[in-house]
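Asks: Here it is: the structure, laid out below.
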Amino acid sequence: MKLTFEDLSSIILVIKSSEVEGMVMKRIVRAPAKINLGLDTPHAYARGVLEWKMVMISVDLADDLQIETTSANSHIQVFSDKGFLPEGNRNLAYQAARVFKHAAQIDDGITIHIQKRIPVSAGLGGGSSDAAAVLRTLNDMYQTNFSDRQLEELGLKIDSDVPYCVYGKPALVTGKGDQITPLQPLPACWLVIAKPGVSISTLKLLRSVKHDELSHPNIDALIAAIQTGNYEQMVANMGNALEAVAAKNHPEVNILKERMLKAGADGAQMSGSGPTVFGICRQLSRAKRVYNSISGFCREVYLVAPVGEGA
Ligand code: ATP
């Protein structure tokens, strides 16, 4: 076969572009927010390290991540649509890419664009979920076949909520955040999430905790209710040991809870280290009423459902 000048120049162009870009792979994935239906810390170790006993679920409020890899360089880059988020190695998505590259001995460059929808420093685990999405997606893209357990162990190097976010379905989370026990799917319900205009630093809040003054929710009763699909008992046994600590400096927490209950929520509680409050409803019509009554005076309000089918 005779090649024309045009054929040759297009072949050269393809070679040139693959030299510049190297081998490129791209994925777009969702990173859902987490909520604590139950949060307790049964034990404090030396130097303020806490043991956790938490019931966690994921909900359909999510960040979108575009993850692109290239063999043309070995840099990690993170960009987000929110100027106040760190874009270098202080971003948890960046840390996840670094931890993965090291564990999988991969030298490629990784670029991550985050479209942020989960409120930041809100007790919704947005950064941890981004990190978990990066670990899961890179594992899939490179077919490294790390097990969920191995990914959870990698996640724990980044933050105590990352192992749960790697799992992403209703679970009891204990130890340092690394012991994940799958739970049954939740009884059908809707959640109204409201983030007041303040943010809480988890680290600062945990430093201010006086462990022997905490009131502890009955996490075992909450688990029993979920395992038997008993919605009323599930709501009755929700609880967050950090809520009273956060509410001392942030009256918004109790104001939002009261408003949600008054508007018809079956239960209302702070998530994680706050300040986000969620109301839970069995009926969608009730959840819409709660949503409408809260959105009048709180800017960030979301009506969501749980995701992940559970054990
Ligand atoms: P947690 O309940 O796990 O403490 P949170 O919801 O309270 O999480 P995040 O939204 O994860 O808090 O943010 C906590 C801190 O992490 C903030 O200071 C934020 O700047 C930083 N951070 C780093 N990377 C990210 C990211 N990808 N998304 C959100 N925050 C990030």
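Asks: In terms of Cα to Cα distance under 19 Å, which lysines are near enough to K262, apart from those fewer than 8 places away along the same chain?
Replies: Here the lysines satisfying the reach criterion relative to K262 are K195, K288.
Asks: Moving to a separate point now. Please report, in Å, the Rg and the Dmax of the chain, where both are computed over Cα atoms only.
Replies: Rg, Dmax (Cα atoms, Å): 22.0, 85.
Asks: Next up: Just want the answer: with Cβ charges of +1 for Lys and Arg and -1 for Asp and Glu, which residue in L261, N240, S271 is farthest toward the dipole's positive end in the stretch 179-311?
Replies: Result: L261, furthest along the dipole toward the positive end.
Asks: Follow-up question, since we're still on this one. Taking only the Cα atoms of the stretch 51-159, how large is their convex hull per residue, in Å³?
Replies: Working: hull volume 12.2 nm³, N = 109.
Given the Cα convex hull of the stretch 51-159, per-residue volume reads 112 Å³.
Asks: Continuing with this model, one more query. Could you check the spin-label model distance between A44 and K262? Points 7 Å from the Cα along Cα→Cβ, value in nm.
Replies: 3.4
Asks: What's the FRET efficiency of A104 with S199 using the Cβ-Cβ distance as r and R₀ = 41 Å, to the nearest 0.05? Please report the intermediate quantities before stating the final value.
Replies: On the way: r = 34 Å, r/R0 = 0.83.
For A104 and S199, the calculated efficiency is 0.75.
Asks: Let me know the charge dipole size of the chain about its Cα centre in debye, to the nearest 20, where only the beta-carbon of Lys, Arg (+1) and Asp, Glu (-1) is charged. Write down the numbers at each step before the final one.
Replies: Values: 32 positive and 32 negative charges, 165 e Å.
It comes to approximately 800 debye.
Asks: Now, a different point. Q77 to H211: extension gain in nm, 0.36 nm per residue of separation minus the Cα-Cα distance? Write down the numbers at each step before the final one.
Replies: On the way: separation 134, 0.36 × 134 = 48.24 nm, distance 3.94 nm.
So the chain would gain 44.3 nm between Q77 and H211.
Asks: Let me ask something else about it. Relative to the longest principal axis of the C-alpha atoms of the chain, give the angle of the C-alpha long axis of helix 284-295, reported between 0 and 90° and rounded to the nearest 10°.
Replies: Helix 284-295 sits roughly 90 degrees off the main axis of the chain.
Asks: Out of all DSSP beta bridges with both ends in the chain, state the antiparallel percent to the nearest 5.
Replies: Values: 50 of 57 bridges.
Beta bridges within the chain, antiparallel portion: roughly 90 percent.
Asks: Just grab the label-to-label distance for H113 and N292, each label 7 Å out from Cα along the Cβ direction, in nm (one decimal).
Replies: Going from the H113 label point to the N292 one covers 3.8 nm.
Asks: I need the peptides 98-108, 29-39, 276-286 ranked by packing, meaning the mean over residues of other C-beta atoms within 10 angstrom, with the highest value on top.
Replies: On the way: 98-108: 16.6, 29-39: 25.0, 276-286: 20.9.
Packing proxy ranking, top to bottom: 29-39, 276-286, 98-108.
Asks: 7 Å from Cα along Cα→Cβ at both M23 and D140: what's the point-to-point distance in nm?
Replies: 2.0
Asks: Okay, moving on. Give me the aspartates and glutamates in straight-line cross-link reach of K210: C-alpha distance below 16 Å, same-chain residues under 8 apart excluded.
Replies: D40, E51, E243
Asks: How far is the Cα center of the stretch 32-103 from the Cα center of the stretch 210-225, in Å?
Replies: Cα centres, the stretch 32-103 to the stretch 210-225: 26 Å.
None of the figures in this text is laboratory data; all of them are computed from the coordinates on show. What you are looking at is a predicted structure, and each value in this text was computed from that prediction instead of being measured. Because the Cβ atoms are built from the backbone with ideal geometry, glycine has one as well, and the counts that use them run over all protein chains shown.
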